[in-house]
Structure formats: structure tokens, C-alpha cells
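Data block below; observations after.
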């Protein structure tokens with residue numbers, strides 16, 4: 001009995017990498033006015049951020065439908081396989097709820113759903129860990145249990161250009177978002193307990209990156225796990241952070257890159273950079 005791994009588009013997996021690792025990706029719908037796209041299917045990151053910068057339409061995202069999960073669950077049921085689905089934080093999206101509905105419709109016991117309480121590469125860290133456990137022969141129940149133990153150690157800190165996109169998407173109050181538009185304040189955000197919070201506000205990008213580095217020092221990286229440099233539309237923004245971490249001897253040993261896609265980019269906008277990793281105990 002094989003174990004099938006499932007995640008959603010908010011994990012920002014490269015589709016080729018997901019196929020190679022035998023991870024099924026459930027797309028999310030991204031709407032620009034009357035135009036509808038499927039993240040990870042017919043909307044690239046480059047085109048998405050181009051449309052976002054043009055600003056002709058404010059994008060919106062829709063969680064996957066129960067039917068999208070049911071198809072994958074029914075395939076696993078027919079093959080007699082077990083399922084572990086590691087999904088976008090339930091506090092940020094109804095994706096987990098859609099999967100729960102689909103599980104009930106499928107009426108198949110070995111389907112395990114994990115609320116990652118994270119997003120983007122934070123989910124990737126957990127899914128890649130699940131891959132390692134699957135390949136070592138663990139059952140779906142055991143994999144889900146181990147991922148549950150690890151997920152509260154995932155940390156995401158990021159500098160974003162404005163809080164306006166989070167406000168538009170309802171992820172922050174208007175008052176909190178307004179704080180990020182005053183006198184070119186650059187917010188540092190964190191994903192904590194599955195939710196987005198403001199970790200700091202700095203005047204200008206350089207000061208914001210300095211604050212980000214302070215957060216990374218206060219919550220050190222566990223190099224037993226991969227870490228990810230996060231970026232939206234400009235990978236070159238690594239030059240603002242990574243050389244400084246290297247100078248201080250703080251550059252993660254197992255560093256990867258993760259381009260943030262439409263599912264998350266809709267809510268944080270262009271110009272963002274950050275880190276996702278497991279915190280050392």
C-alpha cells in the first residue's frame with residue numbers, strides 16, 4: 001500500500017520538482033476581473049506579477065473546490081493507497097475545509113489531512129520532510145504524526161513593500177495595514193500560529209532588512225532541515241539579505257530559493273523577500 005502526498009498551489013512548488021518527488025498539486029483559482037486562471041497550471045509567476053504591477057484589476061483567489069480533492073482521493077482509494085495532504089494554513093484559507101468535505105464524500109479511512117499552519121516554502125519544508133519519511137517506508141498515519149510534531153517549528157519572516165495587498169485580501173485590518181503606508185514604512189511580517197502578523201515596521205528597505213536579520217538571529221535556523229530564500233517578482237533581492245548573512249556566518253547551510261506564486265503573491269504584492277526555515281531548539 002503506497003502513500004500518496006498532496007499539497008496545494010500555496011506551497012509554491014516548482015511543478016517539475018513536484019512531479020519528480022511524486023507530489024500531487026491542487027491548483028487555486030486566481031481572478032483578474034473577468035479573466036480566470038489556475039495557479040500552477042496556466043498562470044506563471046512572471047505573468048502574474050506583470051498583471052499585478054499593471055494594476056488594471058485587483059486579483060482575488062479562490063480555494064480549491066472539494067471536487068478537486070475528491071478526484072485525487074478517489075484515485076488513491078481505487079488503487080488502495082494511503083493519502084497525506086499537507087495544506088495551506090486553515091486560518092488563511094478554506095482549502096483545508098474543502099479537503100475535509102472531500103474526505104467525507106470519499107468515505108475512505110486512510111486519508112490524513114495536516115493543517116500546515118504555514119504558507120509557501122513553509123509548506124514545502126513539511127512536504128519534503130513527508131517525502132523523506134514516505135521513502136523510508138513509514139505509513140501515512142506515521143508520516144502525518146511526524147509532520148504534526150514539526151510544523152510548529154516552521155518560521156517565516158519577510159519584508160514586504162506595503163501592507164495594502166494584505167488589507168485588500170482581508171488578512172489584516174485596515175488600521176494595521178495603514179501603519180505600513182505611513183512615511184514609506186516597510187513592514188516585516190511573520191507567519192505565526194497559522195496567521196500573518198506584523199513583526200516590525202522600519203523606515204526604508206535597508207532598515208527593514210536589518211530588522212529581518214534581527215528576527216533570524218532571535219529565531220536561529222536549524223541546518224538539519226532545508227531553508228528557503230523567499231522572493232516575489234525579483235530574485236535579485238537576495239543581494240539585500242544573503243551577503244549580509246554570509247558576512248555574519250549566519251547563511252543557512254542548506255539554502256534553496258522559492259519564488260512566491262499567485263496564491264500568496266496576491267496578498268503580499270511585488271517587492272517582497274524573506275526566509276522560511278525550521279527554528280533550532
Filtered residues of segment 156-191 (kept if modelled with pLDDT under 85, within 30 Å of residue 226 (Cβ to Cβ) and part of a strand (DSSP E or B)): none
Condition check for residue 125: under 29 Å from residue 35 (Cα atoms), modelled with pLDDT of 95 or more, under 15 Å from the mean Cα position of the chain (by Cα) and not in a loop (DSSP other than H, G, I, E, B): no
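Going through 212, 241, 273, 230 one at a time, which residue ends up being within 26 Å of residue 26 (Cβ to Cβ), crowded, with 18+ Cβ neighbours inside 10 Å and modelled with pLDDT of 95 or more?
230
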- line: Residues in segment 103-119 that are assigned to a helix (DSSP H, G or I) and farther than 18 Å from residue 80 by Cβ total 2
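Within segment 76-86, can one find any residue that is in the same structural domain as residue 23 (by TED's automatic domain parsing), out of contact with any strand residue (DSSP E or B) (no Cβ under 7 Å at 6 or more places or on another chain), farther than 26 Å from residue 260 by Cα and without any contact (Cβ under 8 Å) to a residue 12 or more places away in the chain?
Yes, segment 76-86 contains a residue that is in the same structural domain as residue 23 (by TED's automatic domain parsing), out of contact with any strand residue (DSSP E or B) (no Cβ under 7 Å at 6 or more places or on another chain), farther than 26 Å from residue 260 by Cα and without any contact (Cβ under 8 Å) to a residue 12 or more places away in the chain.
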- prompt: Counting only residues that are touching a residue at least 24 places away in the same chain (Cβ under 8 Å) and either assigned to a strand (DSSP E or B) or touching a strand residue (DSSP E or B) at 6+ places or on another chain (Cβ under 7 Å) (or both), how many does segment 221-263 have?
  reply: 25
message: I'd like to verify a number: residues in segment 138-153 that are surrounded by fewer than 22 Cβ atoms within 10 Å (Cβ to Cβ) and out of contact with any strand residue (DSSP E or B) (no Cβ under 6 Å at 6 or more places or on another chain), how many?
response: 10
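Here's the yes/no breakdown for (1) part of a loop (DSSP other than H, G, I, E, B); (2) more than 16 Å from the chain's Cα centre (by Cα); (3) in the same structural domain as residue 87 (by TED's automatic domain parsing); (4) crowded, with 18+ Cβ neighbours inside 10 Å:
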position: 18; (1), (2), (3), (4): no, no, yes, yes
position: 31; (1), (2), (3), (4): no, yes, yes, no
position: 37; (1), (2), (3), (4): no, yes, yes, yes
position: 41; (1), (2), (3), (4): yes, yes, yes, no
position: 53; (1), (2), (3), (4): no, yes, yes, no
position: 56; (1), (2), (3), (4): yes, yes, yes, no
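Could you list all residues from segment 181-208 that are under 16 Å from residue 241 (Cβ atoms) and more than 20 Å from the chain's Cα centre (by Cα)?
186, 200, 202, 204, 205, 206, 207, 208
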- line: When every residue in segment 91-137 that is touching a residue at least 24 places away in the same chain (Cβ under 8 Å) and farther than 30 Å from residue 257 by Cα is compared, the one surrounded by the fewest Cβ atoms within 10 Å (Cβ to Cβ) is 105
message: Could you check segment 58-73 and list, in sequence order, the residues that are over 21 Å from residue 166 (Cα atoms) and buried (at least 18 other Cβ atoms within 10 Å of the Cβ)?
response: 66, 68, 69, 70, 72, 73
field: Pairs, first under 15 Å from residue 154 (Cα atoms) in segment 195-220, second in a helix (DSSP H, G or I), C-beta under 7 Å, six or more apart
entry: 196/166
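The values are calculated or read from the model by the stated rules, or taken from the named source; none is laboratory data. The structure displayed is predicted, hence computed values, not measured ones. Positions of Cβ are backbone-derived with ideal geometry, glycine not excepted, and every protein chain shown enters the neighbour counts.
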